[in-house]
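What follows is one structure encoded as structure tokens, with my remarks underneath.
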């Protein structure tokens, strides 16, 4: 499958594609990328959009700071660079949300700057070719790899070199069971010669992923449901969610929910029926999330743990951007 943004000369399209592809599979990105470029075909149209609209367009893709940074970056480009992305890595790095890799991708692919791209695929190919035993999480290791790749890049075709390396890692030099028989570099690959391809790249051992039990409440007051917007800074910033939180050790789910709702909103509520339970995994932790219908008794909703509260009709929930875990709860309701 082709990769979004590759082979495109539009620097904005490359920017969007590379941000979406961060920690997300190509098959997942394609429909989002196509719709995004229809909704926001230019930097100026993205900059003019409301953040809620942008987050709704990103809903389900995860890592929502990427969407917020794209939006902020577009505004910055409009005000600082008159709506056009600059051609050099050094100037691209001044744009909010654009880091070294994305800056290099835009500069190399769109503007033919001789700069290496170092995503996970490139690091895997390079460390197998050289049997590099240094930990790739270390800054020094990455600097050394970058210097060597810079030496190898042909000055007349930097984009082709970079994209070739990335595609080689994505399609052939895969993390498990690499297709060495189809690899054009197999004769010079040191790991292929020794048969220890899957030992590279060298990474630190992964830590155990913690698990949390979470409970949330869909609080009803008349025909409306309370939703809260998460603070801008932090996990899932700017998205809407239902009030709730972690179940503490030795605490029952219903008691935890009543406590969390009181702490977060100041409301007194009563529990009604349980909606259901879902499992969800984030990058650094996993959750079991249970949801209940609750009925408002008294009080005015406070924003102790949120930036905004809003009472909305059930059929209006679809208009707000929710984290994937909350969307799974809404899917239970639709069933």
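Residues in segment 22-56 that are closer than 18 Å to residue 229 by Cβ, part of a helix (DSSP H, G or I) and either free of Cβ contacts under 8 Å to residues at least 24 places away in the same chain or not assigned by TED's automatic domain parsing to the domain that holds residue 100 (or both): 2 in all. Considering segment 278-304, the residues that are in contact with a helix residue (DSSP H, G or I) (Cβ under 8 Å, 6 or more places away or on another chain), over 26 Å from residue 57 (Cβ atoms) and touching a residue at least 40 places away in the same chain (Cβ under 8 Å) include one that is surrounded by the fewest Cβ atoms within 10 Å (Cβ to Cβ), namely 304. Of the residues making up segment 57-95, those that are part of a loop (DSSP other than H, G, I, E, B) and either more than 26 Å from residue 31 (Cβ to Cβ) or modelled with pLDDT of 95 or more (or both) are 81, 82, 83, 84, 85, 86, 87, 88, 93, 94, 95. From the list 144, 167, the lone residue that is surrounded by fewer than 18 Cβ atoms within 10 Å (Cβ to Cβ), in contact (Cβ under 8 Å) with a residue 60 or more places away in the chain and either assigned by TED's automatic domain parsing to the domain that holds residue 122 or in a helix (DSSP H, G or I) (or both) is 167. Considering segment 147-164, the residues that are in contact with a helix residue (DSSP H, G or I) (Cβ under 8 Å, 6 or more places away or on another chain) and surrounded by fewer than 18 Cβ atoms within 10 Å (Cβ to Cβ) include one that is nearest to residue 201 (Cα to Cα), namely 148.
Would you check which residues across segment 116-126 are farther than 8 Å from residue 145 by Cβ and more than 23 Å from the chain's Cα centre (by Cα) and list them? Result: 125, single match.
Scanning segment 193-210 turns up no residue that is under 21 Å from residue 322 (Cβ atoms) and in contact with a strand residue (DSSP E or B) (Cβ under 9 Å, 6 or more places away or on another chain). Within segment 208-215, the presence of a residue that is touching a helix residue (DSSP H, G or I) at 6+ places or on another chain (Cβ under 7 Å), crowded, with 16+ Cβ neighbours inside 10 Å and either assigned to a helix (DSSP H, G or I) or not assigned by TED's automatic domain parsing to the domain that holds residue 292 (or both) is excluded. Taken over segment 222-246, residues that are assigned to a loop (DSSP other than H, G, I, E, B) and over 19 Å from residue 270 (Cβ atoms) amount to 10.
When the residues of segment 309-335 are narrowed to those that are touching a residue at least 60 places away in the same chain (Cβ under 8 Å) and exposed (fewer than 13 other Cβ atoms within 10 Å of the Cβ), which ends up farthest from residue 64 (Cα to Cα)? Among those that are touching a residue at least 60 places away in the same chain (Cβ under 8 Å) and exposed (fewer than 13 other Cβ atoms within 10 Å of the Cβ), it is 313.
The values are calculated or read from the model by the stated rules, or taken from the named source; none is laboratory data. Since this is a predicted model, take the numbers as computed values, not measurements. Neighbour counts are summed over all protein chains in view; Cβ atoms, including those assigned to glycine, are modelled from backbone coordinates with ideal geometry.
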